[in-house]
Amino acid sequence: MQVDPKLLDACKKNDRKAHNALYKKCFGYLMAICLRYTSNREDAEGLLNAAFLKIITNLDKYDQKIPFGSWINRITVNTIIDDFRRDKKRRENMSNADFQDVHVNTVGVDFNKASQELDAEELEAMIKQLPDMSRKVFNLYAIDGYTHKEIGDMLGISDGTSKWHVSFARKSLQGMLKEMMKKMMSITL
């Protein structure tokens, strides 16, 4: 994401029109990040606004040697993690989830055919079906590239728990893909 340095300078001078222009320029990019971590658009918009406020208030700390998109991505993900930490009630509910009865069967799926016919929106919809904690850990690991240790530190869980959530998410997604393939095969037959 390229942003005109003049726009950033105007934002640093607290120019409200420049803030609005930067918000419009970054909205789609930041919304995509926020939607990966939330189950509804309203929560994503709230997180986006909180992240944008941090971006605006910390523009004087931005080093132009770093790509602007990477910088705002990091701020947005950190804002999402901070929100997660603050929401202790939701955290308690997630930690009490019982996954022992969940059985995911992944045998017999042609993943090459699935990947050819699967679009990004369908994959996003599948990821949104994952339990909140597994979705967050999976996004941090598989999409944002954090290590299990970093995820553990951010979310207050062990490395092993982080690995379990990624494994659980992968198995669940494979099961969803299998079900989708069954439906596609029954339609084409």
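None of the figures in this text is laboratory data; all of them are computed from the coordinates on show. These numbers come from a predicted model, not from an experiment. Positions of Cβ are generated from backbone atoms using ideal geometry, with glycine treated the same way; all protein chains shown enter the neighbour counts.
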Check your understanding: Taking a spot 7 Å from the Cα of E124 along the direction of its beta carbon, which residues of segment 134-176 have an amide N less than 17 Å from it?
Key -> 135-136, 139-140, 143-144
Practice item. Report the FRET efficiency, 1/(1 + (r/R0)^6), for D87 and S158, where r is their Cβ-Cβ distance and R0 is 25 Å, rounded to 0.05. Key: 0.80
Practice item. Report the full-extension gain for the segment M184 to R74: residue separation times 0.36 nm, less the Cα-Cα distance, to one decimal in nm. Key: 35.8 nm
Practice item. Bin width 5 Å, alpha-carbon pairs only: give the P(r) of segment 5-86 as whole percents, running from 0 to the bin holding the largest distance. Key: 3, 15, 28, 25, 17, 9, 3, 0
Exercise for review: Rounded to whole Hz and in sequence order, give me ³J(HN,Hα) for segment 13-27 from the Karplus expression 6.51 cos²θ - 1.76 cosθ + 1.60, θ = phi - 60°, writing x for Gly and Pro.
Suggested key: 8, 6, 7, 4, 5, 5, 4, 5, 5, 5, 4, 5, 5, 8, 3
Check your understanding: Taking the alpha-carbon centroid of each part, what is the distance from segment 7-30 to segment 33-72 in angstrom?
Key -> 12
Exercise for review: Take the Cβ-Cβ distance between F27 and E150 as r, set R0 to 22 Å, and report the resulting FRET efficiency rounded to the nearest 0.05.
Suggested key: 0.20
Review point. ³J(HN,Hα) across segment 70-78 via Karplus (A = 6.51, B = -1.76, C = 1.60, θ = phi - 60°), whole Hz, x for Gly/Pro?
Key: 5, 5, 6, 4, 4, 5, 5, 4, 5
